[in-house]
Amino acid sequence: MLIDIHTHTSIGSRCSILHPKDLIITAKRRGIEAVCITDHDTTKAVKLCKEIGREYGFLVLGGMEVRCEEGDILTFGLWEKPPGKIRVQELIELVHDVGGVVIPAHPFRTEAPSLGDRIWEVRGFDAIEVLNGNASDYQNELARKAALKLDLPGTGGSDAHSILAVGEYLTFFEDQIQNEEELIAAIKERKFHAENNLGTGDPIMNWPR
Ligand SMILES: [Zn+2]
Ligand SMILES: [Zn+2]
């Protein structure tokens, strides 16, 4: 199933003009089967988004994009950002302790706080975002190469802050996912790959199991 695992809503992210209802209607219309709400440092929009999702018969999952000292990191399984500044390695341990997964967002984007070459020093990522809607092709290609080098699977997400970008990049999951637990399990089991627009093109990363 195709999921846009990186989106921002106007409720949870000040930088987003994407209302949850528009996100859900647009995603559904574009043939996407679920979205993950990954607002900056908060999950406060998730409940409302899930309610709207139910109205439209559309699956909404909750995650968070945590701004660490070294850059932005996607997490699933963490529902509250720890107060104060946090380092990536610290975050990884915290999220793993609660059974979640950690994925560096747009690791080689230079226009937003990103891990960059510090990616080589951090241990314990569950995947790497290799297709990010706000990163350039070059930056995404650097991320894909890093994933290959680190032997980590790659995710895709639009990082949508408006209707336009919804579903631009996606993650294809081999199994049907119904909730966050199943999403996390699928990521841990590496049963997914990054896809370009709407999954109509070639999957760019297939991972031997
Ligand atoms: Zn970001
Ligand atoms: Zn983002």
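Before moving on, here are some points about what is shown:
- From least to most packed, judged by other beta carbons within 10 angstrom and beginning with the fewest, 58, 76 follow the order 58, 76.
- Partners of residue 50 within straight-line reach, counting lysines whose Cα lies under 28 Å from its Cα and excluding those fewer than 8 residues away in the same chain: 21, 28, 81, 188, 191.
- The chain, helix-only ellipticity at 222 nm - DSSP H runs n ≥ 4, -39,500 (n - 2.57), divided by all residues, nearest 500: -7500 deg cm²/dmol
- Extension gain (nm, one decimal) between residue 87 and residue 141, 0.36 nm per residue minus Cα-Cα: 16.9 nm
- Residues 169, 138, 56, arranged from fewest to most other Cβ atoms within 10 angstrom of their Cβ, appear as 138, 56, 169.
- Gained length - residue 55 relative to residue 149, 0.36 nm times residue gap less alpha-carbon distance: 29.6 nm
- The modelled label-to-label distance between residue 14 and residue 96, using points 7 Å beyond Cα along the C-beta direction, is 3.3 nm.
- For the pair region 139-162 / region 46-108, the C-alpha centres are spaced 16 Å from each other.
- Theoretical FRET efficiency, 1/(1+(r/R0)^6), r = Cβ-Cβ of residue 190 and residue 47, R0 30 Å, to 0.05: 0.50
Laboratory data are not the source of any read-out in this text; all were calculated from the coordinates shown. Bear in mind that the values here come from a model prediction, so they are computed numbers and not experimental data. Every residue, glycine among them, receives a Cβ derived from its backbone with ideal geometry; neighbour counts consider all protein chains shown.
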